[in-house]
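Enquirer: Have a look at the structure that comes next, please.
The values are calculated or read from the model by the stated rules, or taken from the named source; none is laboratory data. Here the structure is a predicted model, which means the values were calculated and not measured. In this analysis, Cβ positions are derived from the backbone assuming ideal geometry, glycine residues included, and neighbour counts consider all displayed protein chains.
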Amino acid sequence: MDALSLSLSHGPNGYKITLRDIDMYGLSNFTITKLKLREAAGKPFEGKVYLPRMSMNSLYTSSGVLLVIPASGNGTFHADLADTMVTVKGLFSEKIKDGQKYYHLDKVDLTELNIKSAKMSVAKAYNNNRILLEATNLFLKENGQEVLKVMMPQLKVKISNQIKKVVNHVLENVSANEFFTT
């Protein structure tokens with residue numbers, strides 16, 4: 001996944017974070033809880049997807065003031081995100097392979113992303129200054145949902161791209177006849 005850039009506070013000393021080299025785990029473990037799908041290609045679909053657990057590991061760079069303490073530095077970032085409900089909308093197309101009809105997910109948009117539990121932490125940061133590490137982790141613990149709100153627009157795009165990859169991998173191997181068989 002590409003980088004995410006966040007501004008958690010504003011002003012000349014506002015706290016800014018850039019997450020890069022992001023690895024997401026758990027997106028392939030999902031349950032489709034609702035699906036409105038038309039059998040004709042090019043028609044929109046809508047679905048609800050439940051993700052029990054996702055995790056994110058990345059490198060990060062930060063600058064600015066956090067809790068009145070200058071907190072510029074870099075290190076590793078980890079997040080455990082649990083009980084996530086996603087509403088997706090999009091379009092699919094059809095293709096013929098070996099005489100069978102298969103679907104391909106062409107476009108997917110996350111219209112809703114609700115993450116009930118978020119546990120975030122940083123490590124190997126601020127030259128391992130224990131006070132800054134503890135202050136940052138306390139901030140993330142106490143304000144995890146607020147940090148998620150700031151991340152949400154970029155996170156929706158990143159997660160929708162990952163969902164598209166996973167779904168297309170499944171659709172490549174399941175024909176339309178198998179897909180609609182009850």
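Enquirer: Mind checking which residues of region 124-148 are basic (Lys, Arg) and in contact with a strand residue (DSSP E or B) (Cβ under 7 Å, 6 or more places away or on another chain)?
Expert: Within region 124-148, Lys124 is the sole residue that qualifies.
Enquirer: List every residue pair whose Cβ atoms lie under 6 Å apart, where the two residues are 6 or more positions apart in sequence or sit on different chains, the first residue falls within region 16-37 and is over 21 Å from Val170 (Cα atoms) and touching a residue at least 24 places away in the same chain (Cβ under 8 Å), and the second residue, located anywhere, is outside any loop (DSSP other than H, G, I, E, B) and of a type outside the set (Gly, Ala, Ser).
Expert: Between residues of region 16-37 that are over 21 Å from Val170 (Cα atoms) and touching a residue at least 24 places away in the same chain (Cβ under 8 Å) and residues that are outside any loop (DSSP other than H, G, I, E, B) and of a type outside the set (Gly, Ala, Ser), the close pairs are Ile17/Leu6; Ile17/Tyr60; Thr18/Thr61; Leu19/Leu4; Leu19/Tyr60; Leu19/Phe77; Arg20/Leu59; Asp21/Leu59.
Enquirer: Then there is this: Given (1) in a loop (DSSP other than H, G, I, E, B); (2) surrounded by 13 or more Cβ atoms within 10 Å (Cβ to Cβ), where does Ile17 come up short, assuming only one miss?
Expert: If we test Ile17 against (1) in a loop (DSSP other than H, G, I, E, B); (2) surrounded by 13 or more Cβ atoms within 10 Å (Cβ to Cβ), just (1) comes out false.
Enquirer: In a strand (DSSP E or B), of a type in the set (Gly, Ala, Ser), under 23 Å from Gln145 (Cα atoms) and in contact (Cβ under 8 Å) with a residue 12 or more places away in the chain - does that describe any residue in region 41-59?
Expert: Yes, there is a match, as at least one residue in region 41-59 is in a strand (DSSP E or B), of a type in the set (Gly, Ala, Ser), under 23 Å from Gln145 (Cα atoms) and in contact (Cβ under 8 Å) with a residue 12 or more places away in the chain.
Enquirer: Let me ask you something else. Restricting region 61-81 to residues that are within 15 Å of Val147 (Cα to Cα) and either small (Gly, Ala, Ser) or modelled with pLDDT under 90 (or both), which is farthest from the chain's Cα centre (by Cα)?
Expert: The qualifying residue farthest from the chain's Cα centre (by Cα) is Leu67.
Enquirer: From Pro44, Pro70, which residue is surrounded by fewer than 18 Cβ atoms within 10 Å (Cβ to Cβ) and out of contact with any helix residue (DSSP H, G or I) (no Cβ under 9 Å at 6 or more places or on another chain)?
Expert: Pro44
Enquirer: State which residue pairs qualify: first residue more than 11 Å from Leu140 (Cβ to Cβ) and inside region 109-126, second residue aliphatic (A, V, I, L, M) and part of a strand (DSSP E or B) in any location, beta carbons under 6 Å apart, and separation of 6 or more residues or different chains.
Expert: Here the result reads Leu110/Val86; Leu110/Val88; Leu113/Val86; Asn114/Met85; Ile115/Leu81; Ser117/Ala82, each pair linking region 109-126 to a residue that is aliphatic (A, V, I, L, M) and part of a strand (DSSP E or B).
Enquirer: It is to be established whether one or more residues within region 111-127 are part of a strand (DSSP E or B) and among the acidic types (Asp, Glu).
Expert: yes
Enquirer: Checking the conditions here, which among Val86, Val49 is surrounded by 15 or more Cβ atoms within 10 Å (Cβ to Cβ), touching an Asp or Glu at 6+ places or on another chain (Cβ under 9 Å), aliphatic (A, V, I, L, M) and modelled with pLDDT of 80 or more?
Expert: Being surrounded by 15 or more Cβ atoms within 10 Å (Cβ to Cβ), touching an Asp or Glu at 6+ places or on another chain (Cβ under 9 Å), aliphatic (A, V, I, L, M) and modelled with pLDDT of 80 or more holds for just one of Val86, Val49, which is Val86.
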